[in-house]
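These notes are about the structure you will find just below.
Please treat every number below as a calculation from the coordinates, not as lab data. Given the structure is predicted, the values throughout are model-derived calculations rather than measurements. Here the Cβ is made from the backbone with ideal geometry for all residues, glycine too, and neighbour counts use every protein chain on show.
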Amino acid sequence: MKKLEKNMKNGYSIFWTDEANYNYDNIIIYLDSNWSIKEKSDFVKRLEKRLEVIKQFPEIFPKSFLSPNTHRAVLTEQITIYYSIENQIIKILSLFDVRQDPEKLKIQ
């Protein structure tokens, strides 16, 4: 994924942390190995749409119980996006598989 994406409509940019990039890469590797190209494509499209909603309305998703400055957006039944808003930058902190132990969630 791109590190920084600028939204010209409202001025918000999206920045991917190393952790979020790592999560994304692992999800794509898993989809490549275990699912069809269609499922992988559907996942990427769903992620892009959800990120567009986050860029347009960054406060729309609830804050996480983990941190008062962190929001969480459910992407799929298994994956939740954790992000924070700092000035005009939306930091994607993690794409977390909720089937994992919550102690493994790394957000900073």
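Tell me which residues come under 5 Å, amide H to amide H, from VAL98 once H is placed; ignore anything under 5 positions away on its chain.
Counting only residues 5 or more places away or on other chains, the set is ILE79, THR80.
Within a Cβ distance under 12 Å of ALA73, other residues only, what is the Lys/Arg minus Asp/Glu net charge?
Counting the neighbours of ALA73, the net charge comes to +4.
Over the chain, what is the mean sequence separation of C-alpha contacts under 8 Å (at least six apart), divided by residue count, expressed as relative contact order in percent?
Averaging sequence separation for qualifying contacts and normalising by length gives 27 percent for the chain.
Using only Cα atoms, tell me the angle between helix 37-56 and the longest principal axis of the chain; keep it within 0 to 90° and round to the nearest 10.
For helix 37-56, the angle is close to 10 degrees.
Could you give each residue of the stretch 69-85 its phi-based ³J(HN,Hα) in whole Hz, using Karplus coefficients 6.51, -1.76, 1.60 with θ = phi - 60°, and x for Gly or Pro?
Values, residue by residue: 9, 10, 9, 10, 10, 6, 9, 9, 4, 9, 10, 10, 8, 10, 8, 10, 10 Hz.
Pairs LYS55/LYS91; LYS49/LYS91; LYS45/LYS91; LYS38/LYS63: which are spaced more than 22 Å apart, C-alpha to C-alpha?
Beyond 22 Å between Cα atoms: LYS38/LYS63.
Listing PHE96, PHE15, PHE57 from the residue with the fewest other Cβ atoms within 10 Å to the one with the most, what is the order?
Listing PHE96, PHE15, PHE57 from fewest to most nearby Cβ atoms yields PHE57, PHE15, PHE96.
To the nearest 10 degrees, how steeply does helix 18-34 sit against the main Cα axis of the chain, on a 0 to 90 scale?
30
What is the fewest-to-most order of ARG46, ARG72, ARG99 by other Cβ atoms lying within 10 Å of their Cβ?
With the fewest neighbours first, ARG46, ARG72, ARG99 line up as ARG99, ARG46, ARG72.
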